[in-house]
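The values are calculated or read from the model by the stated rules, or taken from the named source; none is laboratory data. Since the structure is predicted, the reported quantities are computational estimates derived from the model, not experimental observations. These accessible areas exclude ligands, DNA and RNA; they are computed on the full protein's heavy atoms, side chains included. Shrake-Rupley method; radii C 1.70, N 1.55, O 1.52, S 1.80 Å.
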Amino acid sequence: MAIRVTLDRILLERRMSLTDLSEKVGVTLANLSILKTGKAKAIRFSTLNALCRVLDCQPGELLSFEPSDTDALEEADAD
(Lines give C-alpha, C1' and ligand atoms only; values in the text may rest on other atoms or scores of the structure.)
Protein backbone atom coordinates (compact mmCIF):
# COMPACT_ATOMS: atom_id res chain seq x y z
CA MET A 1 0.00 0.00 0.00
CA ALA A 2 1.32 3.44 -0.88
CA ILE A 3 -0.13 5.33 2.09
CA ARG A 4 1.94 4.94 5.25
CA VAL A 5 0.82 5.85 8.77
CA THR A 6 3.64 7.42 10.78
CA LEU A 7 1.90 7.25 14.14
CA ASP A 8 4.83 5.48 15.79
CA ARG A 9 7.20 8.34 14.92
CA ILE A 10 4.78 10.98 16.22
CA LEU A 11 4.27 9.05 19.46
CA LEU A 12 8.03 8.85 19.98
CA GLU A 13 8.41 12.57 19.38
CA ARG A 14 5.58 13.33 21.83
CA ARG A 15 6.85 10.76 24.35
CA MET A 16 3.35 9.31 24.52
CA SER A 17 2.32 5.70 24.77
CA LEU A 18 -0.33 4.10 22.60
CA THR A 19 -2.36 3.50 25.77
CA ASP A 20 -2.28 7.20 26.69
CA LEU A 21 -3.29 8.15 23.16
CA SER A 22 -6.13 5.64 23.22
CA GLU A 23 -7.53 7.17 26.41
CA LYS A 24 -7.24 10.75 25.13
CA VAL A 25 -8.65 10.08 21.66
CA GLY A 26 -11.39 7.62 22.64
CA VAL A 27 -10.28 4.96 20.14
CA THR A 28 -9.61 1.42 21.27
CA LEU A 29 -6.04 0.32 21.80
CA ALA A 30 -6.60 -2.47 19.26
CA ASN A 31 -7.68 -0.03 16.53
CA LEU A 32 -4.76 2.32 17.21
CA SER A 33 -2.41 -0.66 17.09
CA ILE A 34 -3.78 -1.58 13.65
CA LEU A 35 -3.10 1.99 12.49
CA LYS A 36 0.37 2.05 14.03
CA THR A 37 1.46 -1.22 12.43
CA GLY A 38 0.23 -0.19 8.99
CA LYS A 39 -2.44 -2.87 8.76
CA ALA A 40 -5.35 -0.43 8.50
CA LYS A 41 -7.19 -0.22 5.18
CA ALA A 42 -9.05 3.00 6.05
CA ILE A 43 -9.35 5.70 8.69
CA ARG A 44 -12.42 7.72 9.60
CA PHE A 45 -12.09 11.48 9.32
CA SER A 46 -13.39 11.76 12.88
CA THR A 47 -10.53 9.53 14.07
CA LEU A 48 -7.99 11.50 12.04
CA ASN A 49 -9.42 14.72 13.47
CA ALA A 50 -9.14 13.41 17.05
CA LEU A 51 -5.58 12.20 16.49
CA CYS A 52 -4.53 15.57 15.08
CA ARG A 53 -6.22 17.42 17.95
CA VAL A 54 -4.59 15.31 20.68
CA LEU A 55 -1.17 15.07 19.01
CA ASP A 56 -1.24 18.73 17.91
CA CYS A 57 -0.30 17.86 14.34
CA GLN A 58 -1.54 18.04 10.77
CA PRO A 59 -2.89 15.02 8.83
CA GLY A 60 0.19 15.14 6.60
CA GLU A 61 2.36 14.47 9.63
CA LEU A 62 0.46 11.23 10.29
CA LEU A 63 0.15 10.04 6.69
CA SER A 64 2.70 9.84 3.89
CA PHE A 65 2.53 8.68 0.29
CA GLU A 66 5.19 6.23 -0.85
CA PRO A 67 4.61 4.91 -4.38
CA SER A 68 5.04 1.18 -4.76
CA ASP A 69 5.74 -1.00 -7.80
CA THR A 70 2.06 -1.94 -8.03
CA ASP A 71 1.12 1.76 -8.22
CA ALA A 72 3.28 2.13 -11.32
CA LEU A 73 1.64 -0.92 -12.90
CA GLU A 74 -1.86 0.36 -12.12
CA GLU A 75 -1.00 3.74 -13.64
CA ALA A 76 0.37 2.09 -16.80
CA ASP A 77 -2.81 -0.01 -17.12
CA ALA A 78 -4.95 3.12 -16.85
CA ASP A 79 -3.20 4.68 -19.85
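List of remarks:
- The residues of the stretch 4-62 expose, per residue, 67 Å² of accessible area to a 1.4 Å probe.
- Short-range pairs are left out: with C-alpha atoms under 8 Å and at least six residues apart, the relative contact order of the chain is 48 percent.
- Gain in span if fully extended, Ser68 to Ile34, counting 0.36 nm per residue against the direct Cα distance: 10.2 nm
- Among the protein heavy atoms of the chain, carbon and sulfur supply 52% of the accessible surface, probe 1.4 Å, non-protein parts ignored.
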